[in-house]
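Everything below concerns the one structure shown next.
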Amino acid sequence: MIEYQDLIGIPFKDGGRDTHGMDCWGLVKTLLERQGYRHIPDYCISAFETIAIQNELEQKRHIWRKLAFPVPGCVILLANGCTPLANHVGIVVDKRRFIHSYIRAGVCLSLLSRWKSHIIGYYLPPEVL
């Protein structure tokens, strides 16, 4: 069981890593650490630097364990907007939903089915290989 309920409603904040505001990576990092992962890198890339985010995610994707289907607690990698490349992340919370943080809504739950066309894949941190 992933503990995430206390994070719902936290506003989006570029570079945010605490309850005053979180960006998508700040949320993912927090939730992975709550699951016991200790070696989750932090990135100092603005959420508005789409190309830099795409480059970083694409370069690091190969070291993460790709899953064939989503499982609670895994990272969901998305292409948000008009690009086919990764630029957004969240955490799968159950077989229907994931949690993420984005500008318009802050930290919220969304349906996997609603974001289906944006999903690139599902991953676990390398330390569980």
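The values are calculated or read from the model by the stated rules, or taken from the named source; none is laboratory data. What you are looking at is a predicted structure, and each value in this text was computed from that prediction instead of being measured. Ideal geometry is used to build each Cβ from the backbone, glycine not excepted, and the neighbour counts take in all protein chains shown. The accessibility values were calculated without ligands, DNA or RNA, using every heavy atom of the protein model including side chains. Shrake-Rupley method; radii C 1.70, N 1.55, O 1.52, S 1.80 Å.
With all protein chains kept in place, the per residue accessible area of the chain amounts to 55 square angstrom at a probe of 1.4 angstrom. Translational diffusion coefficient of region 27-89 (Stokes-Einstein, Kirkwood radius from Cα pairs, 20 °C, 1.002 mPa s): 168 µm²/s. Subtracting the Cα-Cα distance of Lys66 and Ile119 from their residue separation scaled by 0.36 nm leaves 17.8 nm. Using 5 Å bins from zero, what percent of all Cα-Cα pairs in the chain falls into each bin? Bins of 5 Å from zero give 2, 12, 22, 27, 23, 12, 2 percent of pairs.
In the chain, the portion of solvent-accessible area held by carbon and sulfur atoms comes to 56 percent [1.4 Å probe, whole percent, DNA, RNA and ligands not counted].
Considering Cα pairs under 8 angstrom that are at least six residues apart, work out the relative contact order of the chain and quote it in whole percent.
29 percent
The slack between Thr83 and Glu49, meaning 0.36 nm per residue of separation minus the straight C-alpha distance, is 10.9 nm. The modelled label-to-label distance between Arg34 and Gln59, using points 7 Å beyond Cα along the C-beta direction, is 3.0 nm.
Using the 2.2 N^0.38 Å rule of thumb for compact globular proteins, work out how region 57-129 stacks up: its C-alpha Rg over that value, please.
1.04
Think of each Lys and Arg Cβ as +1 and each Asp and Glu Cβ as -1; about the Cα centre, that makes the dipole of the chain roughly 480 debye. Computed over the chain, the per-residue total of -39500 (n - 2.57) for DSSP H runs of n ≥ 4 gives a 222 nm mean residue ellipticity of -5000 deg cm²/dmol, rounded to 500. The residue among Gly121, Gly26, Tyr102 whose Cα reaches farthest toward the positive pole of the charge dipole of the chain, with charges on the beta-carbon of Lys, Arg, Asp and Glu, is Gly121. Specify the residue with the greatest mean-square fluctuation among Ser113, Ser101, Ser46, computed from a Gaussian network of the chain linking alpha-carbon atoms under 10 Å apart. Maximum among the listed residues: Ser113.
Anisotropy class assigned to region 1-65 is oblate, per the alpha carbon gyration tensor with a/c at or over the 1.5 cut-off and a/b no larger than b/c.
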